[in-house]
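The values are calculated or read from the model by the stated rules, or taken from the named source; none is laboratory data. Since this is a predicted model, take the numbers as computed values, not measurements. Cβ coordinates were reconstructed from backbone atoms using ideal geometry, including for glycine residues, and neighbour counts include every protein chain displayed. Each accessible area value is taken on the protein alone, full model and side chains, heavy atoms only, with ligands, DNA and RNA left out. Shrake-Rupley method; radii C 1.70, N 1.55, O 1.52, S 1.80 Å.
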Amino acid sequence: MDPHGDGHAENGRHDGDDTNGPLPKRPRPSPPISASEIRDEFSHHDPAVARINNGSFGSCPASVLAAQLRWQRLFLRQPDDFYFNRLQPSLLRSRVLIKDFINADDIDEVSLVDNATTAAAIVLQHVSWAFSEGHFNKGDAVVMLHYAFGAVKKSIQAYVTRAGGHVIEVPLPFPVTSNEEIVQEFCKALELGKSNGRKVRLAVIDHITSMPSVVIPVKELTKICREEGVDKVFVDAAHAIGSIEVDVKDIGADFYTSNLHKWFFCPPSVAFLYSKKSRASTNLHHPVVSHEYGNGLPIESGWIGTRDYSAQLVVSSVMDFIDRFEGGIEGIRKRNHDKVVEMGKMLAESWRTCLGSPPDMCASMIMVGLPGCLGISSEKDALKFRSLLRDRFHVEVPVYHRSPKDGESGSSAVTGYVRISHQVYNVEDDYIRLRNAINKLVQDGFHCTKLPSS
């Protein structure tokens with residue numbers, strides 16, 4: 001059965017094709033996708049909600065969801081044939097597409113996993129074993145950014161700290177004004193990691209931090225790690241693919257992961273993990289052990305029991321969707337970046353605040369300061385204020401609390417920021433609704449102390 005129903009198998013076995021070789025150039029449709037067609041592709045979104053939080057869960061167009069359903073039905077039609085004859089060649093086809101997209105050298109360097117958190121567990125599990133088996137000394141260091149994603153911090157605690165590793169967090173300034181600030185703090189952390197005769201065994205570097213959202217100079221930091229003798233570099237780039245250029249050879253890290261469901265239009269959830277070919281990469285294993293254990297991470301990850309693999313099989317359909325846009329993925333990235341900067345500046349001007357970073361340090365998300373008179377004084381306030389925007393104003397946007405710096409006090413101190421996203425489905429009215437909601441709260445004299453305590 002052809003999952004398309006149109007005479008060719010998406011991502012499936014293609015007679016006469018070498019799935020390890022380069023894929024043919026994809027013809028770009030003409031004319032490009034229209035505004036009404038974009039609305040149709042995302043008509044399943046709640047029309048009552050101003051959804052300016054693509055960064056958290058991503059978005060998937062209807063045409064890709066339809067392709068996913070065809071894969072799911074193909075599996076349900078004849079599960080044995082699907083698992084034994086179709087699944088692996090179909091996953092391989094998706095991996096080839098990703099390999100070319102991220103400029104990896106070899107197909108065996110690319111694995112498909114559930115999400116970036118799973119990828120982090122794979123890398124950190126390997127580090128944990130190195131401590132447990134005596135390859136690393138107790139007290140050797142792992143360096144990570146203070147703004148690392150919470151789940152990754154927990155994984156480092158679970159795998160590294162318990163195995164005897166010493167964890168050093170890089171304190172990053174926010175708001176941030178330049179890459180130099182980040183580089184300076186990172187170098188200080190590496191020096192600390194090497195003190196007392198320790199070795200830095202792993203650096204965990206975000207490509208785009210989640211909260212607050214800032215693009216990190218990963219290529220420069222990776223180069224510094226090489227110069228300073230850091231064993232391995234793992235780039236957690238959950239937000240990267242689809243929102244910023246990803247060239248793994250140019251970046252030079254040992255491991256690099258990014259979610260395909262955030263900015264690359266795949267359904268949830270799927271990510272890739274790039275592992276540069278080395279002795280270490282051959283010892284990576286999926287934390288869910290199944291029948292393919294020992295056959296290499298890409299194969300292990302492609303068979304972890306009976307489950308729905310369809311999100312990993314629609315990469316070709318995602319490419320078809322992307323190719324409908326003028327300029328392809330480069331055009332999408334540029335338009336999203338330009339628009340999120342424009343909307344961020346509009347909000348900051350209206351609220352008389354500031355952006356959290358220069359425009360060249362953001363991709364498709366940007367941090368915008370909220371008026372200090374709102375009184376966001378804790379992470380709990382930020383969560384409750386986010387719920388208020390959702391429930392009362394039907395605006396979905398994450399809220400970040402920043403502790404005031406020395407000398408900052410009173411209602412003029414900006415202690416709350418919103419992280420706004422822009423994806424192809426967003427329209428200017430989404431941001432106007434947020435602007436007006438905040439202005440109304442300010443006009444009404446709202447303060448976070450008025451929020452319910454529970």
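Computed over the Cα atoms of the stretch 33-79, what is the convex hull's projected area averaged over all directions, in nm²?
Projected over every direction and averaged, the Cα hull of the stretch 33-79 covers 4.6 nm².
Taking the alpha-carbon distance from Lys276 and a cut-off under 19 Å, which lysines remain once sequence neighbours fewer than 8 residues away in the same chain are dropped?
The reachable lysines, counting only those whose Cα sits under 19 Å from Lys276, are Lys99, Lys219, Lys223, Lys232, Lys249.
Quick check for the stretch 296-454: number of Lys pairs with alpha-carbon distance under 26 Å, counting only pairs 8 or more apart or on different chains?
Close lysine pairs under the 26 Å cut-off: 13.
Which percent, nearest 5, of DSSP beta bridges in the chain are antiparallel?
Percent antiparallel among DSSP bridges in the chain is about 50.
Roughly how many Å² is the accessible area per residue of the chain, as a whole number, for a 1.4 Å probe?
For the chain, the per-residue accessible area is 44 Å².
Does the stretch 144-301 come out rounded, prolate or oblate, given a ≥ b ≥ c as the square roots of the eigenvalues of its C-alpha gyration tensor, rounded meaning a/c under 1.5 and, failing that, prolate meaning a/b above b/c?
oblate
How high is the FRET efficiency from Tyr293 to Ser195, r the C-beta distance, R0 51 Å, rounded to 0.05?
0.85
So if each residue of separation counts as 0.36 nm, and I subtract the Cα-Cα distance between Ser387 and Ser278, what length gain in nm does that give?
Full-extension gain reported as 34.6 nm.
Roughly speaking, what is the stretch gain from Ser132 to Glu349, that is 0.36 nm per residue apart minus the C-alpha to C-alpha distance, in nm to one decimal?
72.7 nm is the gain from fully extending Ser132 to Glu349.
Quick one: work out Rg over Rh on the C-alpha atoms of the chain, Rh as Kirkwood radius.
0.98
Would you mind computing, in nm to one decimal, how far apart the modelled labels at His146 and Lys249 are, each placed 7 Å from Cα along Cα→Cβ?
The modelled label-to-label distance comes out at 3.8 nm.
Taking 0.36 nm per residue of sequence separation and subtracting the Cα-Cα distance, how much length would be gained by fully extending the chain between Ser178 and Thr306, in nm to one decimal?
41.3 nm
Separation of the stretch 128-176 and the stretch 310-346 by C-alpha centroid, Å?
Using only Cα atoms, the two centres lie 33 Å from each other.
Share of the chain's accessible area from carbon and sulfur, percent, 1.4 Å?
Answer for the chain is 50 percent, counting heavy atoms of protein chains only.
Would you list which aspartates and glutamates come within 16 Å of Lys199, measuring only between C-alpha atoms, while excluding same-chain residues fewer than 8 positions from it?
Of all the aspartates and glutamates, those that pass the test against Lys199 - Cα under 16 Å, at least 8 places apart if same chain - are Asp140, Glu169, Glu191, Glu227, Glu228, Asp231.
From the square roots a ≥ b ≥ c of the eigenvalues of the alpha-carbon gyration tensor of the stretch 301-379, which class results: rounded (a/c under 1.5), prolate (a/b over b/c), or oblate?
Here the stretch 301-379 falls in the oblate category.
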